[in-house]
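To start, the structure under review is shown below, and the notes come after it.
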Amino acid sequence: MAKKISAIIEARMTSSRLPGKVLMPGYNKSMLEHLFERLQQSELLNDIILATTVNNADNPIVEICKKNNIKYYRGSEDDVLTRVLDAAINHKVDIIVEITGDCPLIDPKIIDEVIQKYMSNDFDYVSNTLERTYPRGLDVQVFSTKTLAKVAKLTEHPMDHEHVSLYLYKHPDIFPCSGIKLPDNLSHPEYRWTLDTNEDYTLIRTIFNRLYPTNPNFSFLDIYDLFKKEPELIKINHSINQRQLEYYE
């Protein structure tokens, strides 16, 4: 029997640095709807599920899901691991493709490449983030629902439950991990395409305004080309410091 492969998006309205960011307008639609549209271009995803919280503040996210015929699940705000796991179990998902709601520029071809590597090997975890070569904001992580259920039993640490896949890639001795990376000539880990601050929003909205009208299915390489033509765009959010995650011992 074929495995059901689903993107599970983690999203909520009460993010600390930029509240309501997922519903901020892009080109003709919200950032979240752009994310939906780009995920729907994947050839290997069977389904898209949004995992949000039971807080009333997240009701608008649920309404956007209903409007776009996207499945959703509501769970804990702080225990994101359990929220994602319960979403997967509730919707009978075999393989989870973890996507965060702050990645509206996600590239479906990268998603499919990570899925393909996972499905063709015996790793418990495959991503394009183990060695950072892709711009931040194109992050894709793949693992099974069964593997995540094992993690839930192995750790109760709040950090592991806030960051869904953290325990997996911090324990490769338990869960074999692998990844994909870009060749040196395409590697740009310094580019920041994640939506976390007003500066990030300005850049991402500008990218959509420049590229979407003539090519709604633009790739990350098209954004590279845009940056070559308009290098001043890179400066919009280059001073933003990514918050570093310090893992407990």
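Per-structure values
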{"read-out": "Looking only at the range 168-185, and only at residues there that are in contact (Cβ under 8 Å) with a residue 40 or more places away in the chain and either part of a helix (DSSP H, G or I) or at positive phi (or both), the one that is least open to solvent (accessible area, probe 1.4 Å)", "value": "168"}
{"read-out": "Output for the range 84-109, where each listed residue is closer than 23 Å to residue 128 by Cβ and in contact with a strand residue (DSSP E or B) (Cβ under 6 Å, 6 or more places away or on another chain)", "value": "84, 87, 88, 93, 95, 96, 97, 98, 99, 100, 101"}
{"read-out": "Matching residues in the range 64-92 - criterion: being touching a Cys at 6+ places or on another chain (Cβ under 6 Å) and surrounded by fewer than 17 Cβ atoms within 10 Å (Cβ to Cβ)", "value": "none"}
{"read-out": "Breaking point among (1) in contact with a strand residue (DSSP E or B) (Cβ under 9 Å, 6 or more places away or on another chain); (2) open to solvent by less than 70 Å² (accessible area, probe 1.4 Å), for residue 205", "value": "(2)"}
{"read-out": "First in the range 145-157 and assigned to a loop (DSSP other than H, G, I, E, B), second anywhere and open to solvent by 20 Å² or more (accessible area, probe 1.4 Å) and among the aromatic types (Phe, Trp, Tyr), Cβ under 7 Å, 6 or more apart", "value": "155/167; 157/248"}
{"read-out": "Verdict on residue 133 being β-branched (Val, Ile, Thr), assigned to a loop (DSSP other than H, G, I, E, B) and crowded, with 17+ Cβ neighbours inside 10 Å", "value": "yes"}
{"read-out": "Pick from the range 112-130, criterion touching a helix residue (DSSP H, G or I) at 6+ places or on another chain (Cβ under 7 Å) and either over 16 Å from residue 187 (Cβ atoms) or at pLDDT below 95 (or both), ranking: most open to solvent (accessible area, probe 1.4 Å)", "value": "124"}
{"read-out": "Residue 216 vs. criteria in a loop (DSSP other than H, G, I, E, B), closer than 25 Å to residue 131 by Cβ, touching a residue at least 24 places away in the same chain (Cβ under 8 Å) and not hydroxyl-bearing (Ser, Thr, Tyr)", "value": "no"}
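The values are calculated or read from the model by the stated rules, or taken from the named source; none is laboratory data. Only a predicted model underlies this, so the values are computations on that prediction, with no experimental measurement involved. Cβ: placed from backbone, ideal geometry, glycine included. Neighbour counts: every protein chain shown. Ligands, DNA and RNA are excluded from the accessible area calculation, which covers all protein heavy atoms including side chains. Shrake-Rupley method; radii C 1.70, N 1.55, O 1.52, S 1.80 Å.
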